[in-house]
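> Below is the structure I would like to discuss, written out as structure tokens.
Just so you know, all these numbers are worked out from the coordinates, no wet-lab data involved. Quick caveat, the model's predicted, so the values are computed rather than measured. No Cβ is skipped: glycine too gets one built from the backbone with ideal geometry, and neighbour counts run over all protein chains shown.
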Amino acid sequence: MAGQQFSAAPAMANARRLRFLVATGILFVLWWVLLGVVEREAARAEQEGTRLMLNQIRSLLVVKGAEVRLKEGPDFRPWAEKNPFDWFESEPAAYGGKCPEGQPQPGQWCFRPLQAGDKGYKNDTAGDYGQVIFQPRQSITIGERQGSPDTTLAWVVAVEFTDSNGNGRLDEADLQSGLMLQPVEP
């Protein structure tokens with residue numbers, strides 16, 4: 001028994017390994033939490049950016065509606081379904097022009113023109129009318145609508161009117177008050 005010597009070296013090595021594993025585990029958990037926060041904040045930022053762009057378009061439509069009323073009278077129907085990005089003084093940074101075939105690039109706004117024959121448009125006017133499209137990078141909620149990288153969001157410029165007969169359509173008897181952005185299915 002006297003020849004046996006006790007050494008603390010293996011116990012110290014095991015303690016260091018245990019501390020390293022605990023520290024690595026804590027760092028992994030913190031990294032995991034941080035990624036979740038970054039993802040949530042990216043989605044929130046994209047949602048706020050989308051709302052900001054929609055508010056800019058709506059403000060532009062109020063101004064355009066006032067211009068139309070002053071110059072051409074109270075008939076807004078020729079301006080319905082037109083591209084509101086054409087009315088900006090300078091093109092917004094996230095606007096990519098006319099939509100490519102298929103889905104637009106994530107995070108981009110574009111204008112998808114109607115094809116000839118859609119809704120009775122003639123060949124020469126179909127490309128002037130269409131939908132405003134946004135392709136989200138993250139899953140976002142705008143109003144009651146859900147957008148995701150797989151689901152585009154779409155709007156059209158529509159005539160705002162007082163529905164005097166309650167049929168839900170713009171008729172000759174209805175009072176037109178301006179232009180608005182109306183959500184539609186892409």
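> For the stretch 127-185, what relative contact order do you get, as a whole percent, if you take Cα pairs closer than 8 Å and at least 6 residues apart?
30 percent
> How big is the dipole moment of the chain about its Cα centre under a simple scheme where the beta carbon of each Lys and Arg is +1, that of each Asp and Glu is -1, and everything else is neutral? Debye, nearest 20, please.
So the dipole magnitude of the chain works out to roughly 1260 debye.
> Next up: Give me the percent relative contact order of the stretch 34-123, please, defined on Cα pairs under 8 angstrom at least 6 residues apart.
17 percent
> At most 13 other C-beta atoms within 10 Å and a DSSP loop state: those are the exposed GluC sites (Glu not before Pro) I care about. Give me the longest piece of the chain that has none.
For GluC sites (Glu not before Pro) (loop position, at most 13 other Cβ atoms within 10 Å), the longest site-free span of the chain is 1-88.
> If each DSSP helix of 4+ residues adds -39,500 (n - 2.57) and the sum is divided by the residues in the chain, what number results at 222 nm, nearest 500 deg cm²/dmol?
-13000 deg cm²/dmol
> Per residue and in cubic angstrom, what volume does the convex hull of the Cα atoms of the chain have?
182 Å³
> Give the residue from Leu52, Pro183, Ala173 lying farthest towards the positive end of the charge dipole for the chain; charges sit on Cβ (+1 for Lys and Arg, -1 for Asp and Glu) and the dipole is referred to the Cα centre.
Leu52
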